[in-house]
Amino acid sequence: MKLAMIGFGQAGGKVVDRFLEYDDRTGSAIVRAAVAVNTAKADLLGLTHVPEEKRVLIGQARVKGHGVGADNELGAEVAEEDIDEVQGAIDGIPTHEIDAFLIVAGMGGGTGSGGAPVLARHLKRIYTEPVYGLGILPGGDEGGIYTLNAARSFQTFVREVDNLMVFDNDSWRKTGESVEGGYREINEEIVTRFGILFGAGEVAAGDEVAESVVDSSEIINTLSGGGVSTVGYASEVLSREESTGGGLLSRFTGGNEPEVDTAHTTNRITSLVRKAALGRLTLPCEIRGTERALLVMAGPPRHLNRKGIERGRKWIEEQTGSMEVRGGDYPVTGADEVSAVLLLSGINDVPRIRELQQVAVEAQDNIEEIREESTTNLDRLVNDDGNELDPLF
């Protein structure tokens, strides 16, 4: 699947930067074009893979390149005012070569959470290609203002995109981990999962062709209908004998590859599918009631088989209750592991979102109370002795 990726804000820019690095490392060529948009000049300078001419600094008249300070209303206003500058960078994207736009943004800050929905609405007015969002929720320990930002941004973003894929930092942060190390690991998780998903179906000359091809149309159909999506992932490293195609026996028999145990590969695939569905999803949820799903099995061609994938797909149908479950394989010659990526689209039972909205409402009420108290306290401080003085002006 060929994507035009736009990273909005600090977190979005870093994730898009990491996607470009993933493309270089794996040869996936998922990102056909990349743009990073920010109100903070320092964040743009910190990117290493996004081309300099595709780094767009907005809001200079309002914030002088210093960011919007977690004010996502200001972030939305700045995005509206400078949308032509963003469009100028997007104009160079060969839209006839892409399958969709993907806007990546952290939803707890100011620039990304405010600007990403504005950009999504703008792109949908102009282009016929789908516009997807990848929203990153802040951890619950990051504070009330970030939770409030995320809840308001989520509510807006999901209505402006064709589908919103969500990654919840709260489910991935490890205790005792440094901030830098934590975000680096989280970004790697995001890129690994979505990299395999979007990379499926891309075949170059000489590559193995999948038995059941998963191409961009399968992904687009799974994401159609809107709503919220989550992605599951599980992998198993092959033993040395499995990955090299033999061992001592193969050397004695002239190096011919031994037959792969079909029952073993089938059982491995079905086990990985269950782990992907029931393990850590990018956004934890109850999978029952999911509207649509897509399963992608990746790994060496010899270790993928139709029977295992069909069993896995059938199990997902039973667990979700959906009759719209697609599945296929993504052969990766030379890979040393087999992995399952599961896209669940149209999820509706998400405790984390309910909790986010509840905390956000409380935070909003507290902020309003504090502002009212602040005015009263200032009056009391200035006029504490009861003497009414005339101000200068």
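Quick notes on this structure:
- Computed [θ] at 222 nm, deg cm²/dmol, the chain (DSSP H ≥ 4; -39,500 (n - 2.57); rounded to nearest 500): -14500 deg cm²/dmol
- Stretching residue 184 away from residue 53 to a fully extended chain increases their span by 44.7 nm, per 0.36 nm per residue minus the current alpha-carbon distance.
- Extended-chain gain in nm, criterion 0.36 nm per residue less alpha-carbon gap, residue 95 and residue 355: 89.7 nm
- Rounded percent of accessible protein surface that carbon and sulfur make up, the chain, 1.4 Å probe: 48 percent
- Label-to-label distance, residue 374 versus residue 25, with points set 7 angstrom from Cα along the beta-carbon direction: 4.3 nm.
- Only alpha carbons enter this Debye calculation for the chain, each as an equal point scatterer, and the log10 of I(q)/I(0) it gives at q = 0.07, 0.13, 0.15 Å⁻¹ is -0.37, -1.07, -1.34.
- Take the chain and mark each of the GluC sites (Glu not before Pro) that is in a DSSP loop with at most 14 other Cβ atoms within 10 Å; the longest unmarked stretch, sites excluded, is 1-176.
- Highest mean first, the peptides 57-67, 148-158 sorted by other C-beta atoms within 10 Å per residue fall in the order 148-158, 57-67.
- Mean separation of Cα contacts under 8 Å, 6 or more apart, over the residue count of the chain: relative contact order %: 15 percent
- Residues of region 8-93: accessible area per residue with a 1.4 Å probe, Å²: 46 Å²
- For region 112-169, averaging the sequence separation of C-alpha pairs within contact (under 8 Å, six or more residues apart) and dividing by the residue count gives a relative contact order of 49 percent.
- Bridgeable lysines around residue 41 (alpha carbons under 29 Å apart, same-chain partners fewer than 8 residues away excluded): 2, 14, 54, 64, 124.
- Fully extended contour minus Cα-Cα distance, from residue 126 to residue 240, at 0.36 nm per residue: 35.9 nm
The values are calculated or read from the model by the stated rules, or taken from the named source; none is laboratory data. Computed from a prediction, not measured in an experiment: that's the story for all the values here. Counting neighbours? That spans all protein chains shown, and the Cβs are built from the backbone with ideal geometry, glycine included. Just the protein is used for accessible areas: all its heavy atoms, side chains included, with ligands, DNA and RNA removed. Shrake-Rupley method; radii C 1.70, N 1.55, O 1.52, S 1.80 Å.
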